[in-house]
Amino acid sequence: MHNNTAIRVIEPGMLTTVQDLGRSGWTEIGVARGGAADTLSLRAGNRLIGNSDGDAALEMTLTGGTFEFRCDTLLILTGGEVSAQIDGRGGKRSVTAWAPFEICAGEQLSVGPVHSGVRSYLCVAGGILVPTLLGSRSTHLAGSFGGLDGRALRKDDTLEVGDAGKPRIDVQMAARARAFSQPILQGRTLRAVDGAHQCTFDPRDVASFWQTRFEVSMQSDRTGLRLTGRIGPSTSGGRMPSEGMMPGAIQVPQSGEPIVLMVDHPTTGGYPVIACVAAVDHAALGQLRPREWIQFERITCEEARKRFTEQEQRFNEEVPPR
């Protein structure tokens with residue numbers, strides 16, 4: 001594998017950004033963690049091609065993209081299900097998602113639309129090299145920093161890739177990673193804990209919240225998922241003094257339609273929080289697409305910690321870090 005392998009963007013797709021595991025420890029200055037919306041898929045992809053968990057990759061939203069590679073390298077596509085093919089000197093050949101594959105210098109990889117989930121990850125052996133800012137290479141679109149000039153990729157952009165050494169392809173591990181990840185990513189009943197302001201809602205509205213099937217609105221992005229389906233107002237009338245927020249927090253503004261905060265959420269907010277999606281289901285949250293339904297299952301904080309720990313233990317068994 002070559003150092004500083006260049007990738008040229010032929011077609012960037014609807015929204016393709018450089019993402020890693022995000023920035024921790026900067027909320028006090030108003031910077032959310034950010035990073036990949038589905039960290040499970042990013043980590044799995046990186047492990048399967050010999051990278052570190054936090055190496056940067058390309059996050060593609062709904063549509064894929066086309067990329068030309070200047071040197072031989074090893075790749076993998078994880079996350080939402082996509083179809084892809086390589087256009088090379090010997091013609092075209094199909095690529096299977098969740099399985100490492102090699103691409104040769106001068107060949108182009110075309111990734112089609114995401115037809116299950118909403119985000120697909122293209123991990124490259126050695127990781128994508130863009131400048132590190134506040135400890136991360138991830139793109140923060142709202143802040144216009146990180147990644148490649150703080151923006152989505154454009155046609156004719158070029159990216160550099162780190163030195164990958166000679167990673168070993170483990171086909172059986174890749175199959176296990178896919179089998180482990182798919183049920184998690186396809187989950188539509190998300191476990192959640194009581195929110196800090198749940199006591200400000202009428203008990204009947206709280207009960208309705210846990211029983212309602214919501215629909216993901218078209219007005220959803222990496223900042224938050226807006227849900228259709230109304231909840232009765234809290235005693236605060238949907239407004240409270242601003243306080244710290246976290247990914248997964250489910251806010252209920254004056255409209256009564258919940259908003260689930262995503263990875264690029266504002267670090268503070270003034271809407272009451274009725275519940276918070278448990279970390280064990282954050283990867284599924286990152287794969288919800290508009291017009292899909294979603295329902296919440298009430299669990300305790302102790303259960304949330306236990307289930308996340310169990311998920312991490314099994315993940316490390318199926319896809320051991322290298």
Query - trypsin sites (Lys or Arg not before Pro) lying in DSSP loop within the stretch 191-261, provided at most 16 other Cβ fall within 10 Å - result: 213, 230, 239
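Carbon and sulfur: what percent of the chain's accessible surface (1.4 Å probe)?
On the way: 6770 of 13730 Å².
Heavy-atom surface of the chain belonging to carbon and sulfur, 1.4 Å probe: 49 percent.
Subtracting the Cα-Cα distance from 0.36 nm times the residue separation, let me have the gained length for residue 11 to residue 254 in nm, one decimal. The partial results should precede the final answer.
Numbers: separation 243, 0.36 × 243 = 87.48 nm, distance 4.06 nm.
Here the answer is 83.4 nm.
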Query raised in the report: What are the ³J(HN,Hα) values, in whole Hz, obtained from phi via the Karplus relation 6.51 cos²θ - 1.76 cosθ + 1.60 with θ = phi - 60°, for each residue of the stretch 179-186 in sequence order, with x given for Gly and Pro?
Result: 4, 6, 7, 4, x, 5, 5, 8
Report task. Provide 170, 20 ordered by accessible surface of protein heavy atoms (probe 1.4 Å), highest first. Result -> 170, 20
Requested in this report: Using amide H atoms built 1.01 Å from N in the peptide plane, name the residues 5+ places from residue 114, or on other chains, whose amide H lies under 5 Å from its own.
Outcome: 62, 63, 64
Requested in this report: Quote the relative contact order of the chain in percent (integer), defining contacts as alpha-carbon pairs under 8 Å separated by 6+ residues.
Outcome: 21
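Normalised by the residues of the stretch 1-134, what does the relative contact order come to in percent, with Cα pairs under 8 Å and at least six apart?
Values: 340 pairs, mean separation 40.5, N = 134.
With pairs under 8 Å counted, the relative contact order is 30 percent.
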Report task. Would you mind getting the accessible area per residue of the chain, heavy atoms of the protein chains only, 1.4 Å probe, in Å²? Result -> 43
Report task. Report the FRET efficiency, 1/(1 + (r/R0)^6), for residue 134 and residue 156, where r is their Cβ-Cβ distance and R0 is 41 Å, rounded to 0.05. Result -> 0.90
Report task. Please work out how much accessible surface residue 115 shows to a 1.4 Å probe, ignoring ligands, DNA and RNA, in Å² rounded to 10. Result -> 120
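Treating the beta-carbon of each Lys and Arg as +1 and of each Asp and Glu as -1, no other charges, what is the dipole magnitude of the chain about its Cα centre, to the nearest 20 debye?
Values: 34 positive and 36 negative charges, 72 e Å.
So the dipole magnitude of the chain works out to roughly 340 debye.
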Report task. With all protein chains present, calculate the accessible area of residue 212 using a 1.4 Å probe and round the result to the nearest 10 Å². Result -> 40
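Suppose the chain between residue 186 and residue 85 were pulled fully straight at 0.36 nm per residue; how much longer would it get relative to their current alpha carbon spacing? Don't skip to the answer; put the middle values down first.
Values: separation 101, 0.36 × 101 = 36.36 nm, distance 2.40 nm.
Extra length from residue 186 to residue 85 when fully extended: 34.0 nm.
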**Report entry** Cα-based reach from residue 92 at 26 Å (exclusive), listing lysines while leaving out same-chain residues under 8 positions away
**Finding:** 155, 166
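Quick one: compute the contact order of the stretch 83-154, relative version, from alpha carbon pairs under 8 angstrom and 6+ residues apart, as a percent.
Values: 77 pairs, mean separation 14.2, N = 72.
For the stretch 83-154, the relative contact order is 20 percent.
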**Report entry** (i) 22.0; (ii) 20.2; (iii) 23.0, with the label sought being that of the calculated Kirkwood radius over Cα pairs in Å
**Finding:** (ii)
Query raised in the report: Out of 49, 29, 10, whose Cα points farthest toward the positive end of the dipole of the stretch 1-88 (charges: +1 Lys, Arg; -1 Asp, Glu; placed on Cβ)?
Result: 29
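The values are calculated or read from the model by the stated rules, or taken from the named source; none is laboratory data. Predicted, not measured: the structure shown is a model, and the values here were computed from it. FYI the Cβ positions are ideal-geometry reconstructions off the backbone, even for glycines, and counts take in every protein chain you see. Note: areas computed on protein heavy atoms with side chains; ligands, DNA, RNA excluded. Shrake-Rupley method; radii C 1.70, N 1.55, O 1.52, S 1.80 Å.
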